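The values are calculated or read from the model by the stated rules, or taken from the named source; none is laboratory data. Fair warning: this is a prediction, and the values are worked out from it, not measured in the lab. Here Cβ is always computed from backbone atoms with ideal geometry, including for glycine, and neighbour counts include all displayed protein chains.
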Amino acid sequence: MYSLLLCSAIALVLGFSGTLLDWWHWAWAILFSVLAFAVAWVLLTRWFAKRLQPPLARVQRLTQDGNLDGAMQGLESMLPICRWVPLLKGQLLAQMGMLANFQGDQPKAITLLGGASLRSPDARLVLGCIHYRQGDSKRAIEILRLAAAINKKHALLHNTYAWMLHKSERGDEAQAVLAAYLKRDPNNGPSKENLLRLQNRTRMTMQGFDMQWYALGLERPPQAMGQMRRAPKGFREPPKQRG
């Protein structure tokens with residue numbers, strides 16, 4: 001990352017220039033270098049954060065207005081900045097992949113979501129569900145296994161992982177997944193109900209997650225729930241086209 005190199009260069013110059021000029025001992029140079037790196041990093045991070053706020057806000061507005069192509073272009077325009085901001089690329093790819101999936105371009109969504117940060121649980125969840133819908137349950141389960149190990153407090157992620165295991169006739173593993181999750185979140189109602197169902201050898205129910213579950217495309221919503229919300233999580237439903 002360019003930002004790491006720049007901060008390191010500033011720190012080394014400021015810290016060890018005093019040693020070369022015989023102003024202080026090399027031990028002080030190490031301390032001054034560490035302090036200089038920290039200060040440079042904070043200042044650079046704040047500068048990039050301010051620079052990213054306007055385009056991110058614009059992407060949000062475009063998505064809310066239903067202009068998904070414009071939102072995608074806005075996210076793509078920020079990719080060059082990723083060379084300066086660690087972890088930003090994984091976040092942008094996660095958002096781009098979610099948009100591509102919403103647009104129905106699953107091959108593009110798989111590519112983008114595959115590069116998303118492992119700490120983007122919604123992106124990893126959608127990626128796993130795409131593979132599952134395409135018949136690759138083994139790949140889907142592996143994606144969710146890794147995502148669940150990193151994102152330990154995402155209820156829908158852990159329940160979907162357990163659901164896939166149960167569908168693959170790995171009920172004992174599904175119980176273990178939910179039991180481990182409930183140790184961290186003992187008051188989660190849907191998880192408690194699903195664990196009890198698995199213990200009683202009955203099928204899981206995901207209705208407790210409402211449209212967040214049905215938006216994954218693994219089950220159809222009950223007729224009584226009406227039309228499924230199709231917008232990505234956190235965004236408003238795009239306006240309908242007038243005929």
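Here are a few things to note about the model shown:
- Residue match in region 129-145 (condition: outside any helix (DSSP H, G or I), under 30 Å from E173 (Cα atoms) and of a type in the set (K, R)): no
- Scanning region 70-87 for residues that are in contact (Cβ under 8 Å) with a residue 40 or more places away in the chain and under 19 Å from the mean Cα position of the chain (by Cα), we see that the one that is surrounded by the most Cβ atoms within 10 Å (Cβ to Cβ) is V85.
- On the stretch given as region 162-192, residues that are touching a residue at least 24 places away in the same chain (Cβ under 8 Å), in a helix (DSSP H, G or I) and within 24 Å of the chain's Cα centre (by Cα) total 10.
- Close pairs from region 53-69: first over 20 Å from K89 (Cβ atoms), partner of a type in the set (A, V, I, L, M, F, W, C) and exposed (fewer than 13 other Cβ atoms within 10 Å of the Cβ), Cβ under 8 Å, at least 6 apart: none
- Considering residues of region 213-228 that are surrounded by fewer than 16 Cβ atoms within 10 Å (Cβ to Cβ) and modelled with pLDDT of 90 or more only, the residue farthest from E169 (Cα to Cα): G217
- Selection from region 101-119 of residues that are over 17 Å from L157 (Cβ atoms) and aliphatic (A, V, I, L, M): A109, I110, L112
- Test for K153: is it among the basic types (K, R) and touching a Lys or Arg at 6+ places or on another chain (Cβ under 7 Å): yes
- L156 being buried (at least 17 other Cβ atoms within 10 Å of the Cβ), in a helix (DSSP H, G or I) and in the same structural domain as M211 (by TED's automatic domain parsing): yes
- Considering only residues in region 113-124 that are in a helix (DSSP H, G or I) and surrounded by fewer than 24 Cβ atoms within 10 Å (Cβ to Cβ), the one that is farthest from the chain's Cα centre (by Cα) turns out to be G114.
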